[in-house]
Amino acid sequence: MFYLILAIMLVLFYIFVAPRNIKGTMNLIAAVFLLVALAIALVLGFLRIMQFPKEIWVGLLMILIGFWAMRDIYQLNDDTKF
């Protein structure tokens with residue numbers, strides 16, 4: 001609860017009282033905070049994806065190989081002359 005009150009006080013200071021140079025610093029701190037939060041979310045999402053069952057990975061690999069084979073078949077030259 002203490003940190004919530006402190007955060008509210010900081011936001012109110014930022015909105016109503018802070019001079020321009022402090023606002024620039026606080027914008028930089030907020031940007032770094034958002035970047036770190038995004039990086040943490042990406043790492044946690046990647047770890048969550050890695051916990052999928054093995055069958056899903058095998059199925060995705062088979063689909064990828066199938067698309068690759070279909071692309072190769074589509075790109076074959078059709079210069080067979082009878």
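The values are calculated or read from the model by the stated rules, or taken from the named source; none is laboratory data. None of the values given here were measured: they were computed from a predicted structure. Quick reminder, even Gly has a Cβ in these numbers, built from the backbone with ideal geometry, and neighbours come from all protein chains shown.
Scan the stretch 1-20 for residues that are loosely packed, with under 10 Cβ neighbours inside 10 Å and at pLDDT 85 or above and jot them down.
Pass one, the stretch 1-20, residues loosely packed, with under 10 Cβ neighbours inside 10 Å: 1-5, 15-17, 19-20.
Those that are loosely packed, with under 10 Cβ neighbours inside 10 Å and at pLDDT 85 or above: Met1, Phe2, Tyr3, Leu4, Ile5.
With respect to (1) over 30 Å from Ala7 (Cα atoms); (2) among the basic types (Lys, Arg); (3) surrounded by 10 or more Cβ atoms within 10 Å (Cβ to Cβ), the lone exception for Lys23 is condition (1). Can you give me the number of residues within the stretch 11-31 that are within 30 Å of the chain's Cα centre (by Cα) and free of Cβ contacts under 8 Å to residues at least 12 places away in the same chain? So the answer is 11.
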